[in-house]
1. Using unit Cβ charges (K, R positive; D, E negative) and no other charged atoms, how large, in debye to the nearest 20, is the dipole of the chain about its Cα centre?
2. Using only the Cα atoms of region 117-169, build the gyration tensor, take square roots of its eigenvalues as a ≥ b ≥ c, and label the shape rounded, prolate or oblate: rounded if a/c is under 1.5, else prolate if a/b is larger than b/c, else oblate.
3. Run the numbers on the chain and let me know its relative contact order in percent, using alpha-carbon pairs under 8 Å that are six or more apart.
4. Please compute the per residue accessible area over the chain with all protein chains in place, 1.4 Å probe, rounded to a whole number of Å².
5. With unit charges on the beta carbons (Lys and Arg positive, Asp and Glu negative) and the dipole taken about the Cα centre of region 37-177, which residue among 113, 158, 136 sits farthest to the positive side?
6. Where does the charge balance sit around residue 172 when Lys and Arg score +1, Asp and Glu -1, over other residues with C-beta under 15 Å from its C-beta?
7. Roughly what % of Cα-Cα distances in the chain sit above 28 Å, to the whole percent?
8. Along the Cα-to-Cβ line of residue 153, 7 Å from the Cα, sits a label point; which residues in region 84-115 have backbone N less than 11 Å from it?
Amino acid sequence: MTVMVALLRGVNVGGTTRVPMADLRRVVVDAGYGAVRTYVNSGNVVLTADGTDTEAVAATLRAACAAAFPVAPDVVVRTRDELHAVLAANPFLDRDDDPTHHHVVFLPGTAPARDPDVEVTPPEDLAVAGREVYLYLPHGIGRSPLAARLARRPGPAGTSRNWRTVTTLARMADEPA
């Protein structure tokens with residue numbers, strides 16, 4: 001069994017459609033996955049799956065959520081090992097250790113991320129590594145000009161998580177269910 005983390009985009013944020021986490025856990029179990037756990041109320045799911053095909057898991061969960069909820073969220077899936085690689089690749093941790101200043105945008109698909117070609121104004125910063133875009137936002141994501149420009153650019157939207165969420169999900173993926 002492979003431990004994976006599924007990240008649903010746009011669930012329970014900004015007053016959008018509500019997806020109760022108990023219902024989400026039930027949908028994920030009914031889709032055939034095991035050891036299902038959620039973290040906070042924004043569509044973070046730790047699960048186990050046969051095989052290692054994260055794209056197949058994402059497609060299955062997208063369809064299952066579309067059938068069960070009035071919203072069809074995009075879903076990005078990473079294996080436990082991929083999530084640990086994300087932790088190790090953050091280029092901004094030497095700037096400060098405040099987890100509210102660090103964010104990761106997880107992009108869908110298997111292709112490496114491209115530079116999003118958006119204006120970066122210090123002290124904010126952006127770096128691309130693998131399929132992730134790392135953001136350093138010392139004034140928070142809500143008031144960030146960089147985050148706003150990034151959200152408006154064309155291309156795959158992905159889903160962002162703050163550093164505390166990323167580290168917690170990695171820890172949960174390491175724990176026995």
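1. For the chain, the charge dipole is close to 560 debye.
2. oblate
3. Relative contact order here is 24 percent.
4. Using a 1.4 Å probe on heavy atoms only, each residue of the chain averages 48 Å².
5. Of the listed residues, the answer is 158.
6. Values: positive: 25, 37, 78, 80, 161, 164, 171; negative: 81, 82, 174, 175.
Counting the neighbours of residue 172, the net charge comes to +3.
7. Percent of Cα pairs beyond 28 Å in the chain: 20.
8. Once the point is set 7 Å along Cα→Cβ of residue 153, 113-115 turn out to lie under 11 Å by backbone N, inside region 84-115.
The values are calculated or read from the model by the stated rules, or taken from the named source; none is laboratory data. Worth saying up front: this structure is predicted, and the values here are computed from it rather than measured. So basically every Cβ, Gly included, is an ideal-geometry build from the backbone, and we count neighbours across all protein chains shown. The accessibility values were calculated without ligands, DNA or RNA, using every heavy atom of the protein model including side chains. Shrake-Rupley method; radii C 1.70, N 1.55, O 1.52, S 1.80 Å.
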